[in-house]
1. What single numbered condition from (1) at pLDDT 95 or above; (2) assigned to a strand (DSSP E or B) fails to hold for Ile12?
2. Lys17 is checked against (1) surrounded by fewer than 10 Cβ atoms within 10 Å (Cβ to Cβ); (2) outside any helix (DSSP H, G or I); (3) not hydroxyl-bearing (Ser, Thr, Tyr) and fails just one. What number does that condition carry?
3. Could you grab me the full set of residues in region 20-49 that are surrounded by fewer than 10 Cβ atoms within 10 Å (Cβ to Cβ) and within 12 Å of the chain's Cα centre (by Cα)?
4. Residues in region 32-51: is at least one of a type in the set (A, V, I, L, M) and either part of a strand (DSSP E or B) or modelled with pLDDT of 90 or more (or both)?
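The values are calculated or read from the model by the stated rules, or taken from the named source; none is laboratory data. Remember, it's a predicted structure, so these values are computed and weren't measured experimentally. Virtual Cβ from ideal backbone geometry, glycine too; neighbours counted across all protein chains shown.
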Amino acid sequence: MAIVDQTKANYILSILKGLEYGSVVITVHDGTITQIDKTEKTRFALKKSTSKDNAKNK
């Protein structure tokens, strides 16, 4: 197992601390981290409509 560069480890930890929903993909080639991808999701609360709301909109 290769030793991870402290700079890269700190970068990964900072991404994880700021991520609420999403994923982090770490690409490794020959035992070395070569790429880090972050995909962040933003979630919005769903407002459930009632039958009264539907009747008003028609």
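1. (2) is the only condition that Ile12 fails.
2. Condition not satisfied by Lys17: (2).
3. Glu20, Tyr21, Val25, Lys41, Thr42, Arg43
4. Yes, that holds for at least one residue.
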